[in-house]
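A quick write-up on the structure given underneath.
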Amino acid sequence: MALIPSDLDKLKKGAINYLYIFIDPNAKGLAPIVMQKRNEQIAALKKIYSYNTGYTFADMVQIIQVGIQQRYSKTPAQLLQKIYETAVGNPSVGDATTDAIKEQAAIKVHNLTTSVSEGGVTKTSNFWTDAKSVIEWLVEIFTKLFGSKYTNPTVYSPDSDHWTYDNQPSESGLSSAGFGVLPMLVVGGVLYTLYSTTQKKGKKKKDN
């Protein structure tokens, strides 16, 4: 069952749940759970793409980029940077690793708010709660394509716990260029290369 325009519209509406694909695969200073969820988001997107015939993989990345920007008036890079800087906190010199500082940063991450535009109305919402509120669009796509055996998007969607407590990112990962975020055009190329490589490996195994 191929994707149709209404499916891609749902993908755009639930785009925030693919936010981590814009993280550089070589990003420094992030917890393993973040990179794990990044890989899971890529795998889920590839799964949807396998049913697509009218769009390239880069087109799907573009749809996600546009969906995020339309809803949050920020690029994926800007959102990720905001999350990262909140998670790192603002510690005093020489006091960056104290439990108290990390606890304060964790609370700020859980309470992270952002402007959300929906139906011509802009409101302020908790970022993580809003991400979960649009998961239904992805559930509809997965249910249509895979029936009762679909992967629930909540498994890989962004969550504040990825950035707090034991998953506290390292301040050393932050630089003037960010902690490692790929521009949309680059991420499209990287993910397409990854997808193509995976497909070729799978084909070789079948041929052997």
Legend entry - Subset tally (residues that are in contact (Cβ under 8 Å) with a residue 60 or more places away in the chain, buried (at least 19 other Cβ atoms within 10 Å of the Cβ) and more than 16 Å from the chain's Cα centre (by Cα)) for the range 112-141: 1
Legend entry - Condition check for LYS102: assigned to a helix (DSSP H, G or I), closer than 17 Å to LEU30 by Cβ and either among the β-branched types (Val, Ile, Thr) or modelled with pLDDT under 90 (or both): yes
Legend entry - Sole residue being of a type in the set (A, V, I, L, M) and under 23 Å from ALA31 (Cα atoms), chosen from LEU112, LEU145, LEU138: LEU112
Inset, instruction - Scan (1) modelled with pLDDT under 85; (2) farther than 29 Å from LYS10 by Cβ; (3) surrounded by 14 or more Cβ atoms within 10 Å (Cβ to Cβ) for the single condition LYS108 breaks and write down its number. - result: (1)
Inset, instruction - Return yes when THR151 is closer than 24 Å to ASP7 by Cα and in a helix (DSSP H, G or I) and no when it is not. - result: no
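Rundown of residues vs (1) basic (Lys, Arg); (2) surrounded by fewer than 21 Cβ atoms within 10 Å (Cβ to Cβ), yes/no style:
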site: PRO25; (1), (2): no, yes
site: ALA43; (1), (2): no, yes
site: LYS47; (1), (2): yes, yes
site: SER50; (1), (2): no, yes
site: TYR55; (1), (2): no, yes
site: PRO76; (1), (2): no, no
site: GLN81; (1), (2): no, yes
Legend entry - Inter-residue pairs, beta-carbon under 8 Å, first outside any helix (DSSP H, G or I) and in the range 56-78, second buried (at least 16 other Cβ atoms within 10 Å of the Cβ), 6+ apart: THR56/TYR192; LYS74/ILE68; LYS74/THR114; THR75/GLN65; THR75/ILE68; THR75/GLN69; THR75/MET184
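The values are calculated or read from the model by the stated rules, or taken from the named source; none is laboratory data. Quick caveat, the model's predicted, so the values are computed rather than measured. Ideal geometry is used to build each Cβ from the backbone, glycine not excepted, and the neighbour counts take in all protein chains shown.
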